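Coordinate-derived values only; no laboratory data. Remember, it's a predicted structure, so these values are computed and weren't measured experimentally. Glycine also receives a Cβ, built like all others from the backbone with ideal geometry; neighbour counts cover every protein chain displayed.
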Amino acid sequence: MPGIVYNVQPQPPVEADTRWIEAGALTFGVEYRDVDPASLAATYGTDDAAMDEIEEHSPEGGFVDQGVSIHVRGTDDGHEYLRFDVFDAEPHYHYVRPTGDHNNVVEHDVVANGDMLRWAIERLRSHLTEMLTEAGGAELARHVDPALVAPVIDEVAAMAEQARQAQRAAAGR
C-alpha cells in the first residue's frame with residue numbers, strides 16, 4: 001500500500017459544506033476545507049492516541065492548509081474509500097480502508113503530475129475501480145457503472161474548479 005499509513009481515520013467531511021452527488025454504487029462529494037490545529041482538535045480532541053499521531057506527523061505549529069476535497073463513498077455503506085485533498089500547500093490523497101483501522105495518505109507530486117485537481121479528475125475517469133480495490137473496496141468496484149459515473153465526474157470537476165476559483169477570488173489570488 002503506497003504512502004504514509006495512519007491509524008487515525010481522515011477528518012470527516014463537514015456535511016453542511018459538502019455537496020453530494022450519487023452515481024449508482026458510488027456517491028461523490030465536493031467540499032472546500034480549511035484545516036488547522038483547532039479543527040483537528042475539535043474532531044479528535046478526546047482521542048489521545050489520534051491526537052498524538054496527528055501531532056507526530058504535523059509540521060511545527062500544526063497542520064494548516066485549505067483547498068477542495070473530493071470524497072468517494074459507497075452509496076450503500078456510506079464508507080469513504082477515497083479522498084483527494086487538493087490543498088494549496090500539501091496536496092495529497094487517501095486510501096481509506098473499510099476496516100477503520102488505518103488509512104494511507106499519498107503525497108501528490110506537483111512537479112511530476114501537474115495540477116492536482118486535473119490529476120484527480122483524470123484518476124477518477126481512468127483508475128477509479130483500481131483505486132477502490134486498493135482501498136479495500138473490490139466488491140464495490142465491481143458494481144461501478146461507468147455510464148452513471150462519467151457524467152457525475154464531469155459535474156464534480158466543475159464544482160471543484162468553481163469552489164477553488166471562488167476561494168482564490170476571496171483571497172485575492
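Checking the stated criteria, Ala120 turns out to be under 16 Å from the mean Cα position of the chain (by Cα) and part of a helix (DSSP H, G or I).
From the list Ala147, Ala157, the one residue that fits, being surrounded by fewer than 19 Cβ atoms within 10 Å (Cβ to Cβ), over 13 Å from the mean Cα position of the chain (by Cα) and not in a loop (DSSP other than H, G, I, E, B), is Ala147. Taking residues in the stretch 21-47 that are without any contact (Cβ under 8 Å) to a residue 24 or more places away in the chain, and partners anywhere that are surrounded by 14 or more Cβ atoms within 10 Å (Cβ to Cβ) and aliphatic (A, V, I, L, M), the pairs with Cβ atoms closer than 8 Å and at least 6 places apart or on different chains are Ala41/Met51; Gly45/Met51. Thr18 falls short on exactly one of the conditions (1) over 26 Å from Asp145 (Cα atoms); (2) of a type in the set (Val, Ile, Thr); (3) surrounded by 14 or more Cβ atoms within 10 Å (Cβ to Cβ), and that condition is (1).
Name every residue in the stretch 160-173 that is part of a helix (DSSP H, G or I) and exposed (fewer than 14 other Cβ atoms within 10 Å of the Cβ), in order of residue number. Reasoning before the result, please.
Going through the stretch 160-173, the residues part of a helix (DSSP H, G or I) turn out to be 160-170.
Within the stretch 160-173, Gln162, Gln165, Ala166, Arg168, Ala169, Ala170 qualify.
Of all the numbered requirements in (1) touching a residue at least 12 places away in the same chain (Cβ under 8 Å); (2) surrounded by 13 or more Cβ atoms within 10 Å (Cβ to Cβ), Thr133 misses one, and that requirement is (1).
In the stretch 93-121, what residues are without any contact (Cβ under 8 Å) to a residue 24 or more places away in the chain and either touching a His at 6+ places or on another chain (Cβ under 9 Å) or on the phi < 0 side of the Ramachandran plot (or both)?
Filtering the stretch 93-121 for residues without any contact (Cβ under 8 Å) to a residue 24 or more places away in the chain gives 108-115, 118-119.
Once the filter is applied, which keeps residues that are without any contact (Cβ under 8 Å) to a residue 24 or more places away in the chain and either touching a His at 6+ places or on another chain (Cβ under 9 Å) or on the phi < 0 side of the Ramachandran plot (or both), the stretch 93-121 yields His108, Asp109, Val110, Val111, Ala112, Asn113, Asp115, Arg118, Trp119.
Restricting attention to the stretch 53-78, the residues being within 22 Å of Leu148 (Cβ to Cβ) and surrounded by fewer than 17 Cβ atoms within 10 Å (Cβ to Cβ) number 4.
Considering each of Thr27, Thr43 in turn, give the residue that is under 19 Å from Ala120 (Cα atoms), surrounded by 12 or more Cβ atoms within 10 Å (Cβ to Cβ) and polar (S, T, N, Q). First the steps, then the outcome.
Numbers: Thr43 fails: under 19 Å from Ala120 (Cα atoms).
Answer to the selection: Thr27.
Does Ala42 fit the bill of being in contact with a helix residue (DSSP H, G or I) (Cβ under 9 Å, 6 or more places away or on another chain) and aliphatic (A, V, I, L, M)? The answer is no for Ala42. The set of residues in the stretch 88-107 being out of contact with any Lys or Arg (no Cβ under 8 Å at 6 or more places or on another chain), crowded, with 19+ Cβ neighbours inside 10 Å and under 17 Å from Val30 (Cβ atoms) consists of Pro91 alone. For the stretch 137-157, residues that are under 19 Å from Asp85 (Cβ atoms) and out of contact with any helix residue (DSSP H, G or I) (no Cβ under 8 Å at 6 or more places or on another chain) total 1.
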